[in-house]
Amino acid sequence: MGLISFIKDKFNKKDKEVDEKYVKGMDKSRKNFSSKLSSLSRSYKKVNQEYFDELEEILIESDVGVSLTIKIIEEVMNEAKKRKVDNPDDINEILIEKMFYEYTSKGDIPSDIRFSSSGPTVLLVVGANGVGKTTSIAKLAYRYKNMGKSVMLCAADTFRAAAVEQLTIWANRLEIPIVNGDSNADPASVAYEGAKKAKEDNIDLLIVDTAGRLQTKTNLMDELGKIKRVLGKEIPGAPHETFLIIDGTTGQNGVIQAKQFNEVAEISGIVLTKLDGTSKGGIILAIRDELGIPVRFVGVGEKIDDLVEFDLDQYLYGLCVGA
């Protein structure tokens with residue numbers, strides 16, 4: 001049984017709710033990628049160089065990234081030659097196998113937050129303004145509250161009054177505590193108060209919001225450095241996780257943002273928002289290839305529970321279903 005058939009068979013036997021969220025959330029990406037793949041297969045009885053040129057174009061247009069696309073195409077061509085395969089449908093099978101391998105070859109693929117065995121677990125959240133950072137924090141808080149964890153928010157993005165206000169509104173809706181400071185207060189001092197309060201109240205998860213943009217990279221590095229130092233001083237090992245929020249609809253700009261933030265913060269995972277709003281789902285593969293950072297969660301809708309753990313099998317299923 002090939003990988004595509006295996007994945008489809010696997011999901012016929014699994015919980016339909018999460019599967020349907022992935023499939024629905026990736027509808028635009030599937031129509032873009034899978035439909036073009038199917039159309040390409042119908043255009044050729046046997047593959048040739050022109051076929052692979054068109055396949056390369058499909059991958060690049062799906063935001064897989066130029067360097068990774070070239071690598072995958074070369075691997076597919078070599079594997080096809082080795083197996084003596086020239087049927088387009090069989091080539092598609094090899095393509096999905098190579099995409100799977102390229103993602104998994106970068107190392108472990110953690111998804112859920114790894115909670116500290118003692119004391120609060122601290123999640124630091126970074127990302128440019130406008131990527132859905134505040135909403136993603138709320139969705140993460142909702143997720144872990146529903147899992148029985150006590151959650152506290154910390155509004156350390158004091159440079160934007162609207163950010164503090166929005167996060168406070170979400171905290172009230174979710175009925176969870178929040179620590180915030182006055183407008184233009186020192187973000188590190190707010191983070192310190194959040195860590196102190198989380199310890200006092202025996203909180204399981206403290207989610208710390210940070211500024212989306214400062215004047216220079218040095219400024220951003222210094223600010224994040226201060227926040228991390230005060231968190232670590234109050235809670236050993238903190239921050240335990242640092243998530244970068246990226247808007248999936250920004251395409252390759254999302255990869256650029258990931259590179260920039262990874263230079264100033266030790267990113268442990270990506271939260272990709274608005275996956276349902278893009279036809280270029282290959283961005284997940286591009287980020288993994290460029291930085292080695294795994295996508296941990298994906299946003300597949302606007303509802304509060306439409307943030308789900310990234311699952312490579314479900315992602316590939318979302319791309320290839322209907323192919």
Only one of (1) of a type outside the set (A, V, I, L, M, F, W, C); (2) under 19 Å from V131 (Cβ atoms); (3) modelled with pLDDT of 90 or more is not met by P236, so which one is it? (2)
Restricting segment 248-283 to residues that are closer than 17 Å to L68 by Cβ and touching a residue at least 60 places away in the same chain (Cβ under 8 Å), which is nearest to the chain's Cα centre (by Cα)? I283
Give the number of residues within segment 113-130 that are out of contact with any Leu (no Cβ under 7 Å at 6 or more places or on another chain) and closer than 21 Å to K274 by Cβ. 4
How many residues, within segment 87-100, are farther than 15 Å from L316 by Cβ, in a helix (DSSP H, G or I) and not acidic (D, E)? 2
Go through (1) within 23 Å of E290 (Cα to Cα); (2) at pLDDT below 95 one by one and return the number of the condition E74 breaks. (2)
Test each condition in (1) surrounded by 19 or more Cβ atoms within 10 Å (Cβ to Cβ); (2) at pLDDT below 85 for D313 and report the one that comes out false. (1)
Can you find a residue in segment 30-43 that is of a type in the set (A, V, I, L, M, F, W, C), modelled with pLDDT of 85 or more and outside any helix (DSSP H, G or I)? no
Conditions (1) farther than 21 Å from A138 by Cβ; (2) open to solvent by 10 Å² or more (accessible area, probe 1.4 Å) -> S268 fails only (1)
Just need a number here: residues in segment 156-168 that are touching a Pro at 6+ places or on another chain (Cβ under 9 Å) and either more than 14 Å from A211 (Cα to Cα) or of a type in the set (A, V, I, L, M, F, W, C) (or both). 2
So which residues in segment 101-125 are surrounded by fewer than 17 Cβ atoms within 10 Å (Cβ to Cβ) and outside any loop (DSSP other than H, G, I, E, B), if there are any at all? Y101, T104
For segment 279-293: of the residues being touching a Lys or Arg at 6+ places or on another chain (Cβ under 8 Å) and open to solvent by 10 Å² or more (accessible area, probe 1.4 Å), which is farthest from V122 (Cα to Cα)? S279
For segment 103-114, does any single residue satisfy the condition of being closer than 18 Å to I270 by Cβ and without any contact (Cβ under 8 Å) to a residue 12 or more places away in the chain? yes
Applying the selection to segment 211-224, what residues are surrounded by fewer than 20 Cβ atoms within 10 Å (Cβ to Cβ), under 23 Å from the mean Cα position of the chain (by Cα) and assigned to a helix (DSSP H, G or I)? K217, M221
Out of everything in segment 60-86 that is in contact (Cβ under 8 Å) with a residue 60 or more places away in the chain, in a helix (DSSP H, G or I) and closer than 14 Å to I287 by Cα, what residue ends up being farthest from the chain's Cα centre (by Cα)? S67
Please go through segment 129-171 and pick out each residue that is touching a helix residue (DSSP H, G or I) at 6+ places or on another chain (Cβ under 7 Å) and open to solvent by 10 Å² or more (accessible area, probe 1.4 Å). T134, Y142, K145, Q166, W170
I'm trying to understand the selection: among the residues of segment 186-210, which are in a loop (DSSP other than H, G, I, E, B) and open to solvent by 10 Å² or more (accessible area, probe 1.4 Å)? D186, D201, N202, I203, D204
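The values are calculated or read from the model by the stated rules, or taken from the named source; none is laboratory data. Worth saying up front: this structure is predicted, and the values here are computed from it rather than measured. With ideal geometry, Cβ positions are generated from the backbone for all residues, glycine too; neighbour counts draw on all protein chains shown. We work out accessible area using only protein heavy atoms, side chains counted, and drop any ligands, DNA or RNA first. Shrake-Rupley method; radii C 1.70, N 1.55, O 1.52, S 1.80 Å.
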